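Everything below concerns the one structure shown next.
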Protein chains: 2
Amino acid sequence: MKLAIDAMGGDLAPVAPVHATIECAAKFSDTEFILIGHEAKIREAGGTFPANVRVVHTDVTIETGDEPVRAVRRKPNSSLVMAATMVKESAADVMLSAGSTGALVASGLLAIGRLQGIDRPALAPVLPTFNGKGVLLLDAGATMDANAHNLLQYAQMGCAYSRQVRDIPNPRVALLNVGTEPGKGNALTKEAFQLLESSSLDFVGNIEAREVLDGDADVVVCDGFVGNVVLKLIEGVGLGIFGLLKEQLTSSFTSKLGAVMLKPSLRGIRDKFDYAEYGAAPFLGVNGGCLKAHGSSSKRAWVVALEQARKFAAQDLIGQFSHELKD
Amino acid sequence: MKLAIDAMGGDLAPVAPVHATIECAAKFSDTEFILIGHEAKIREAGGTFPANVRVVHTDVTIETGDEPVRAVRRKPNSSLVMAATMVKESAADVMLSAGSTGALVASGLLAIGRLQGIDRPALAPVLPTFNGKGVLLLDAGATMDANAHNLLQYAQMGCAYSRQVRDIPNPRVALLNVGTEPGKGNALTKEAFQLLESSSLDFVGNIEAREVLDGDADVVVCDGFVGNVVLKLIEGVGLGIFGLLKEQLTSSFTSKLGAVMLKPSLRGIRDKFDYAEYGAAPFLGVNGGCLKAHGSSSKRAWVVALEQARKFAAQDLIGQFSHELKD
C-alpha cells in the first residue's frame, strides 16, 4: 500500500505529519509513506527516516487565502495537487492533507475525478458523540445544493465506509430533519425520506439536531450547506463552553483550587470532544482514497489519520462503493 | 394593554403562567392579563388574583401529539386558538403560549393571519451568546422552503423588533453561511447576500455557524430548516456537555469536593445559557403580537416573557414593520 501525504498542509506542518509518518512507517512495514513537500524542511522536521518513507520534493504550496478551484488548476506542482495526482495515476492508494478543505475538495474533483455512478462526492467527518462512538456526517460541505438522490448516495457511501473502515457491521442511517415524524421537513428532506425508506439500507428515520450527538445513528445525511453549519456550530458551542469554563475556573482562589481537583474529570470530557481520536474526514465518491485531516492536526491526530488511510486502502472501498450503488 | 395568555400550554402549566401572571399583574396596573384555560385549575394554581387578571374558561386544549394545522382548525375553543382569536379581534394586543411550536405557528397563520406585505412570517428566538447579550435568529422553523426575498424580510422584521423591544438602536444583520467571503454558500444565500447588501439595513455580511454565538451580530437570518437545526443543535450540545459535567463532577470524592467549590462558577456559566432570561420567541410577520415561550418555561421565564409582551404591545411593532417594509 502507498499513502501520499501532503506534508505542507495544516497549522502544525510539516512537523506533525512528518513525525507521525516516521512513527507509523516503523510500525507498518507493508506500507510506503510518500511525504510530499519542501524536502529540506521535511528532513529538518524529522529524525531518521525508515526505508519505507519516501520524500518527493516541491516548493509549491496552496495557501489558505487561495481561491480553491483556481489554485488547484494553476498549481499542479503544489504538494496537495501532487498527492491527488498520485492517486489518480495509481502511484498511491490514498492521499491525505490537513490543508484547506476547499482546495482538497477541488483536488479531489479535478485531479482525481468522480467515481463512476456518483453524482456528488461528499465530505464525511466523524462527529464526536456523548457516548464516545462518533457519528459519520455526510455531506459536511462539498456540495451546496444537493438533491434527494445525492442524499441517498451519501447514505450508501456512508454505510460502506462505516462497515469497512469504522467496523460497524450494520450501520443505522438517519436523515437530519426538523422533526422525527415522516412528512416533516423541507422539499429536499421529504423526498429523501421516501428514497431512503425504499432503499435496502437500515434507515432509522428522521433525526433532530438535538439528538445527533447522542450516538443513536451511525450515519447521518443532510445537504452540504446544513452539514457545514452543523460541523461548525458544534465546534463553536464546544469551544465557547470550554472557554467559559476555563475563565470561570481561574476567576478566584476557591475556584482555582476546585479546578485542580476536577482537572482529571474535565480532561475526560474534553477528550470525548477531541477530534484527533476521530481521524480524518474522507472525501467519499471520488475515484480513489482522499482524506482531509483537521487543520490543526497534532502528531497524534496524524497517526490516527494515517492508520485510517491504511485501512481505507486495504479494504478496497472504491470497489465496495460500486457494489453498494447497484443495490 | 391586554395580554392573552394560554394558561394550559407548556410543561409547567398552569402553575408557572398563573404565578407569573399574578406577579406581573401586581406590578403593571396599566395592563390586563387574560388567562385562558380550565378555570378551576387556574384558580387552584393561583392565590389571590389582582383585579387586572381575568380568567376565560375553556376545557379544550391542543395536545403535543396533535397535528398542528388540523388541531387549530378543529379546536377553535382550545386555549391556544382562543388566545390567537382575541388578538385577531383586537380583544388582546399580544398572545403568549408555551405549547407546541407547530400549533402556535398554525394559530398565528390561520387565526391571526399574515401582516400585509409579509410573505412568510418567521419565528425569532434569541439565542444565548457567550457575551451574554443574545442574538436574534430568524427563521427558527416557521417556513421550511424560504426564498431570498423572505430572508430579506426576516432581516427587516428582526431589525424592527431589535430596535423596539431589545433596545438595540442600530442592529447589525448577518447572513448565516458556510464562509465569510461574499460569493460563498448555496443558491439561496448567494441571492440573499445581494438583496441584503443592496438594502438600507446595517448588513455586516456572512457569518459562519462557529461565530454565531460570539455576539458579533444582533440579527442572524437563515431559512427555517437551517434555523431549526441551529436552535436544536445548540440545545443538544449544551445539554450534553452539562450532562457530562454533572456526571464527571459526582464521579469521585475529590471531584465532588471540587464541584462544591466550583458551584458558583458553574452556575454562572449555566445562567448564560438560561433560556428563561432571553424571553419568548416572537412569531414576526403575523398581524398582531404572538409570542412562543419555551416549552419548559418556569415562572421566571414566564415573567420575562410577559414583560416582553407588554413592551411588544406598547411599541406598535406592527406599525413599525409596515414602515420597515417600505424601505
* To do: Could you give the DSSP H helices of chain B that reach 20 angstrom or more along their long axis (alpha carbon positions) and whose average Kyte-Doolittle hydropathy is no lower than 0.0?
  => B:224-249
* Skip the ligands, DNA and RNA, and give the accessible area per residue of chain B with a 1.4 Å probe, whole Å². => 40
* Asked: Using a label point 7 angstrom from Cα along Cα-to-C-beta, what distances in nm, from shortest up, separate A:ASP202 from the other copies?
  -> 5.3
* Give the distance, in whole Å, between the Cα centre of the stretch A:257-287 and the Cα centre of the stretch B:195-209. => 35
* Using a 1.4 angstrom probe on the protein heavy atoms only, line up B:VAL55, B:VAL219 by accessible area, largest first. => B:VAL55, B:VAL219
* Asked: Any idea how far apart A:GLU44 and A:ILE168 come out in nm if each label point goes 7 Å out from Cα toward Cβ?
  -> 4.3
* What accessible surface, in Å², does a 1.4 Å probe find on B:LYS2, ignoring ligands, DNA and RNA and rounding to the nearest 10? -> 90
* To do: Treating only the Cβ atoms of Lys and Arg (+1) and Asp and Glu (-1) as charged, compute the dipole magnitude of the stretch A:126-234 about its Cα centre; round to the nearest 20 debye.
  => 180
* **Solvent-accessible ranking of A:ARG70, B:ARG54, largest area first, probe 1.4 Å** => A:ARG70, B:ARG54
* **Pair B:ASP214, B:ASN77: separation of 7 Å Cα→Cβ label points (nm)** => 5.6
* Within the protein assembly as shown, percent of DSSP bridges classed antiparallel, to nearest 5 -> 20
* To do: Any aspartates and glutamates with Cα under 14 Å of the A:LYS256 Cα? List them, leaving off those in the same chain fewer than 8 positions away.
  => A:GLU247
* Would you mind working out the magnitude of the charge dipole of the protein assembly as shown relative to its Cα centre, with +1 at each Lys and Arg C-beta and -1 at each Asp and Glu C-beta, to the nearest 20 Debye? => 1020
* **Note, ³J(HN,Hα) from phi for the stretch B:89-104, Karplus 6.51, -1.76, 1.60, rounded to Hz, x at Gly and Pro** => 8, 6, 7, 8, 8, 9, 10, 9, 8, 10, x, 4, 4, x, 5, 5
* Structure fact -> What one gets for chain A as the Kirkwood radius, inverse of mean 1/r over different Cα pairs in Å, is 20.4
* To do: Note the distances from A:ASP145 to each other copy's matching label point, with points 7 Å along the Cα-to-beta-carbon direction, in nm, sorted shortest first.
  => 1.3
* For A:ASP218, B:ASP214, give the ranking by accessible area with the largest first, probe 1.4 Å. => B:ASP214, A:ASP218
* Asked: Ignoring the sites themselves, what is the longest stretch of chain A with no GluC sites (Glu not before Pro) in a DSSP loop and at most 13 other beta-carbon atoms within 10 Å?
  -> A:90-327
* From the residues A:VAL87, B:PHE253, B:THR61, which one has its Cα farthest along the dipole of the protein assembly as shown in the positive direction, the dipole being from +1 and -1 charges on Cβ of Lys/Arg and Asp/Glu about the Cα centre? -> B:PHE253
* Structure shown: which of B:LYS88/B:LYS272; A:LYS311/B:LYS190; B:LYS75/B:LYS190; A:LYS190/B:LYS75; A:LYS263/B:LYS272; A:LYS184/B:LYS190 lie over 30 Å apart, alpha-carbon to alpha-carbon? -> B:LYS88/B:LYS272; A:LYS311/B:LYS190; B:LYS75/B:LYS190
* Asked: Where the label is 7 Å out from Cα toward Cβ, how close does A:PRO169 come to the same position in every other copy, in nm, shortest first?
  -> 6.8
* Asked: In this model, which of A:LYS2/A:LYS27; A:LYS246/B:LYS246; A:LYS292/B:LYS232; B:LYS2/B:LYS27 are farther than 19 Å apart at the alpha-carbon?
  -> A:LYS292/B:LYS232
* Structure fact -> Probe 1.4 Å, all chains present, heavy atoms only: B:SER252 accessible area in Å², nearest 10, is 50
* Structure fact -> Non-local residues with an amide H under 5 Å from the amide H of B:MET95, with H modelled 1.01 Å from N and Pro and chain starts lacking one, are B:ALA4, B:GLY289, B:CYS290, B:LEU291
* Restricting to the stretch A:126-234, compute how many DSSP beta bridges are antiparallel as a %, nearest 5. => 15
* Among all the aspartates and glutamates, which ones have a C-alpha under 16 Å from A:LYS41's C-alpha, if same-chain residues fewer than 8 places away are not counted? -> A:ASP6, A:ASP11, A:ASP59
* Residues in the stretch B:164-186 that, when all protein chains are in place, have 30 Å² or more less accessible area than the chain alone would give (probe 1.4 Å) -> B:VAL178, B:ASN186
* Compare B:SER198, B:SER78, B:SER251 in a GNM of chain B, Cα atoms joined below 10 Å, and give the one with the largest fluctuation. => B:SER251
* Asked: When DSSP assigns beta bridges and you keep just the ones with both residues in chain B, what percent turn out antiparallel, to the nearest 5?
  -> 20
* To do: Would you work out which of B:ALA155, B:GLY179, B:ILE168 lies farthest towards the positive end of the dipole of the stretch B:143-192, given +1 charges on the beta-carbon of Lys and Arg and -1 on that of Asp and Glu, about the Cα centre?
  => B:ILE168
* Structure fact -> About its Cα centre, chain B carries a charge dipole, from +1 on Lys and Arg Cβ atoms and -1 on Asp and Glu Cβ atoms, whose size in debye to the nearest 20 is 680
* **Kirkwood-Stokes translational diffusion coefficient of the stretch B:178-327, alpha-carbon pairs, 25 °C, 0.890 mPa s, µm²/s** => 130
* Asked: Using a Gaussian network for chain B with springs between C-alpha atoms less than 10 Å apart, which of these wobbles most: B:CYS222, B:CYS24, B:CYS159?
  -> B:CYS24
* Signed unit charges on C-beta, dipole axis of the protein assembly as shown, positive-most listed residue A:LEU233, B:PHE203, B:SER322 -> A:LEU233
* Provide the three semi-axes, in whole Å and in decreasing order, of the ellipsoid equivalent to the protein assembly as shown as defined by the square roots of 5 times the Cα gyration tensor eigenvalues. => 49, 27, 23
* **222 nm mean residue ellipticity, helices alone, for chain A (DSSP H n ≥ 4; -39,500 (n - 2.57); rounded to 500)** => -14000 deg cm²/dmol
* Structure fact -> Within the set A:LYS263, A:LYS292, A:LYS41, GNM on chain A using Cα springs under 10 Å gives the largest fluctuation to A:LYS263
* Asked: Remind me, relative contact order of chain A in percent, using alpha carbon pairs under 8 angstrom and six or more residues apart?
  -> 23
* **Rounded accessible area of B:LEU137 (nearest 10 Å², 1.4 Å probe)** => 0
* To do: Ignoring ligands, DNA and RNA and using a 1.4 Å probe, state the total buried accessible area between B and A in Å², rounded to the nearest 100.
  => 4400
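The values are calculated or read from the model by the stated rules, or taken from the named source; none is laboratory data. Because the structure is a prediction, the values reported are computed rather than measured. Quick reminder, even Gly has a Cβ in these numbers, built from the backbone with ideal geometry, and neighbours come from all protein chains shown. Just the protein is used for accessible areas: all its heavy atoms, side chains included, with ligands, DNA and RNA removed. Shrake-Rupley method; radii C 1.70, N 1.55, O 1.52, S 1.80 Å.
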